[in-house]
Amino acid sequence: MASVHESLYFNPMMTNGVVHANVFGIKDWVTPYKMALLVLIGELGRAGPHLSLLERRRLNRLLLPLLQGPDMTLSRLIKAIEECCPHLASSVQIRIKLMAGGELKDMEQFFDDLSEAFSGTEPEVHKTSVVGLFLRHMILAYNKLSFSQVYKLYTALQQYFQNDEKTSGGREDETEMELTHCGELEGKMEKDEFDGPLREEEISCNGPLSQKQAEYFLSQQASLLKNDETKALSPASLQKELNSLLKFNPDFAEAHYLSYLNGLRVQDVFSSTHSLLHYFDRLILTGAESKSNGDEGCGRSLRYAALNLAALHCRFGHYQQAELALQEAIRIAQESNDHVCLQHCLSWLYILEQKRSDSCVLLEHSVKKAVYFGLPYLASLGIQSLVQQRAFAGKTANKLMGALKDSDLLHWKHSLSELIDISIAQKTAIWRLYGRSTMALQQAQMLLSMNSLEAVNVGVQQNNTESFAVVLCHLAELHAEQGYFTAASEILKHLKERFPPNSQHAQLWMLFDQKIQFDRAMNDGKYHVAGSLVAGITALNSTEGVYRKAILLKAQNQMSEAHKLLQKLLIHCQKIKNTEMVISVLLSIAELYWRSLCHTIALPVLLQALALSQEYRLQYLASETILNLAFSQLILGIPEQALSILHMAIEPILAHGAVLDKGAAIFLVAKCQVASAASYPPQKKTEALESAILNLNEAKTYFAKVDCKEQLRDVLYLQARLFHSLGKAQERNQCAMLFRQLHQELPARGVPLINAFK
């Protein structure tokens, strides 16, 4: 965070006891709270030999946030000291009470005695230490005060102490009652609260922040917005504090930039654009850029202002405005011969034009130039984008992982921890795309168990970035696919706590949550519940929502409406080159043809889906397509051929597939075994039927795990028929009873059993 401009501190006014000594060029001032810190430092020096090593260590750790943070009430300060050393807190409180209850000369004497800390051959405080610099700033600020300002400071100290007495006196009885019940818990909470980031009530102080306090506040909130948004102030509270800073000094450029980041949190286009423009305006007006960059400062601000404006419009989907702003940034950067800015422009140009056929060439050029100019961050982002694009283009996994390995070398070499997280999340998504759930699970667990390389401060214990949100969402979906709905719910609950609904990455878990609930409702046959979830999915992802709507219509036997919807969705997905969804839509269309008894029409559709899945190396979708082809062959009366191709597809399904797909695959094997057994001799037929019953038991286990009642009913029906054929009346009756119970619970679908694959 750049230093705050000096004009912030050239205001001689005094508000609520805050004396602005920086009228004379000092960037700090004396407040009653800082006087309390001076008392603490003095008492710490006197009691030093009598303190234990643990107490001294705790107090030293406590001092830094106290010096950097905003002013706080006396009671909170005393409680923080009590956590480290109770008898020192008592000494500090007594000393402040004596000074506030004494005369003005007592305060004068107190400041005169401060310089003694630097005297002697072995001084208590070194002049260049953090505490030493603070003492010297306070002594200098106090010496610059006029007599009237000294008197106002003295009255402010009295008011500071009296306010604390009134507050503590009014709560004395209530505090005693609470301490009898939860003393230990309260102490622990106080410790945790102080170690954590500052809350709204803690930020509010008696007057404007000093330079160091403002810098600390801005850097702290910016770090929290990046790494752990939940611990930052709420958008409204943060904006209130920023408005307070800007009211005191409208030229506070860094506050405008944090206001811009705060506007992005709530997707506020107007306020974020307004704050971003003001940030660069202030940089140019104050000359802050010119001081560090010579005559190029103004031009540099202009071109980066245009670049940031292009990024802002791109984020909100205003692509035409983003392209105009980007052209302006490119023009100014070319005039100034700024290759670094041009590289950033080239990266954003790829984002704007990534749907074009030549965007891959543009991206490769961007990566080469970034490496040439020594920009590892841009080079790595380019490699990641190139890998993503080629994954959708159907490149082999080993080539993609090799490219990601090269980018990982850049990350570790330059300690780019954020890009390390993105790389692992990218690997998780690629393995999911290729249908390797075991590898995806391994990558997800790797990211979650990693310790960040970031210097995580102010109580931030984790990086709540988009990478973590993506990985946790994949983890929840993987658990749900395997029937571990309780575990998936726990992961989603953690996601809701880690990324609240108003945070910028909340839409990720919202979509996955709706999809999991939809799948569960469909498995249970609760179509009315699934219908209510379609609207939520559509709001978050229109393509996914339309597909789920078609699946629901198909399950409700509204074939013509489902077919129309799927045809429109197919054209749209082909236009936007969403190959994964195209294959899923083709499989759903083929199932509609089966249910309409148009088996021969379904075959070309399935062959088209198989060709696409093999071309783009989507192994799991290819295996699912082969299962559908095997079912088509079963329908057409060639079960032996269906069994032979089933062996090609069932292994990936059993290794990486969802529980529902495993059950459907085993159920299909059993159907093929039953159909093939019709031409067998009696002995071999009996063995084939018994083998089919074993497979049906396995399929029943899979379906029961995800509570898929409709498929359970079909399995029980077929089992009952097989037991009847084998003359096992008791087992037949048991299956028939279970089938009857499920049949009464579920509505009849109106389609013969043999015409349903799943």
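The values are calculated or read from the model by the stated rules, or taken from the named source; none is laboratory data. Source: prediction; values computed, not measured. For neighbour counting, all protein chains shown are included, and Cβ atoms are generated from backbone atoms with ideal geometry for every residue, glycine included. Surface areas here come from the heavy atoms of the whole protein model, side chains and all, with no ligands, DNA or RNA. Shrake-Rupley method; radii C 1.70, N 1.55, O 1.52, S 1.80 Å.
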Practice problem: Provide the per-residue ³J(HN,Hα) series for segment 648-653, in order, calculated from phi with Karplus coefficients 6.51, -1.76, 1.60 and θ = phi - 60°, each as a whole number of Hz, with x at glycine and proline positions. | Solution: 6, 10, 6, 5, x, 5
Quiz prompt | Protection-proxy order for peptides 481-491, 724-734, 337-347, each taking the mean of Cβ atoms within 10 Å per residue, highest first | solution = 337-347, 481-491, 724-734
Quiz item: What is the magnitude of the charge dipole of segment 23-165 about its Cα centre, with +1 placed on the Cβ of each Lys and Arg, -1 on the Cβ of each Asp and Glu, and no other charges, expressed in debye to the nearest 20?
Solution: 400
Quiz prompt | HN-Hα J in Hz across segment 630-642 - Karplus 6.51, -1.76, 1.60, θ = phi - 60°, x for Gly and Pro | solution = 4, 5, 5, 5, 4, 5, 7, x, 10, x, 4, 5, 4
Quiz item: Hey, any idea what % of segment 310-457's accessible area is carbon plus sulfur with a 1.4 Å probe?
Solution: 55
Quiz item: Relative to the Cα centre, what is the charge dipole magnitude of segment 582-703, using +1 at the beta carbon of each Lys and Arg, -1 at the beta carbon of each Asp and Glu, and rounding to the nearest 20 debye?
Solution: 180
Quiz item: How big is the gap, in Å, between the Cα center of segment 378-428 and the Cα center of segment 609-670?
Solution: 32
Exercise. Starting from the amide H of Tyr484, placed 1.01 Å from N in the peptide plane, find each other amide H under 5 Å away whose residue is 5 or more places distant or on another chain.
Key: none
Quiz prompt | Computed over segment 23-165: relative contact order in percent, which uses C-alpha pairs under 8 Å that are six or more apart | solution = 37
Practice problem: For the pairs Lys405/Lys662; Lys152/Lys231; Lys496/Lys564; Lys226/Lys526; Lys79/Lys231, note any where the Cα-Cα span goes beyond 31 Å. | Solution: Lys405/Lys662; Lys152/Lys231; Lys496/Lys564; Lys226/Lys526
Exercise. Towards the positive end of the charge dipole of segment 23-165, with charges on Cβ (+1 Lys, Arg; -1 Asp, Glu), say which of His126, Tyr154, Leu88 has the farthest Cα.
Key: His126
Practice problem: Could you tell me whether segment 23-165 comes out rounded, prolate or oblate from its Cα gyration tensor? Rule is a ≥ b ≥ c as square roots of the eigenvalues, rounded for a/c under 1.5, then prolate if a/b exceeds b/c, otherwise oblate. | Solution: oblate
Quiz item: Which whole-number value in Å² is the accessible area per residue of segment 23-165, probe 1.4 Å?
Solution: 50
Quiz item: Of Phe110, Phe118, which has the most accessible area with a 1.4 Å probe, and how do the rest follow in descending order?
Solution: Phe118, Phe110
Exercise. Count neighbours as other Cβ atoms within 10 Å of each site's Cβ, and list the trypsin sites (Lys or Arg not before Pro) in segment 542-585 that are DSSP loop with at most 16 such neighbours.
Key: Lys577
Quiz item: Counting Lys and Arg as +1 and Asp and Glu as -1, what is the net charge of the other residues whose Cβ lies under 13 Å from the Cβ of Glu698?
Solution: +3
Quiz item: For Asp228, which sequence-distant residues (separation of 5 or more, or a different chain) have an amide H within less than 5 Å of its own amide H, given hydrogens modelled in the peptide plane?
Solution: Asn464
Exercise. Starting with the highest mean, order 709-718, 682-691 by the number of other Cβ atoms within 10 Å, averaged over the residues of each peptide.
Key: 709-718, 682-691
Exercise. Step through the residues of segment 701-707 one at a time and calculate ³J(HN,Hα) from phi using the Karplus curve (6.51 cos²θ - 1.76 cosθ + 1.60, θ = phi - 60°), rounding each to whole Hz and writing x for Gly and Pro.
Key: 5, 5, 5, 5, 5, 9, 6
Exercise. Under 1.5 on a/c is rounded, so check that first for segment 571-662, then, if it is not, pick prolate when a/b is larger than b/c and oblate when it is not; a ≥ b ≥ c are the square roots of the alpha carbon gyration tensor eigenvalues.
Key: oblate
Practice problem: State whether segment 483-568 is rounded, prolate or oblate according to the following rule on the C-alpha gyration tensor (a ≥ b ≥ c being the square roots of its eigenvalues): a/c under 1.5 gives rounded; otherwise a/b larger than b/c gives prolate, and the remaining case gives oblate. | Solution: oblate
Quiz prompt | Between segment 331-347 and segment 511-577, the Cα center-to-center distance that results, in Å | solution = 45
Quiz item: Ignoring ligands, DNA and RNA, what percent of the 1.4 Å accessible area of segment 23-165 is carbon and sulfur?
Solution: 53
Quiz item: By the scheme Lys and Arg +1, Asp and Glu -1, what is the net charge of all other residues having a beta-carbon under 13 Å from that of Gly394?
Solution: +3
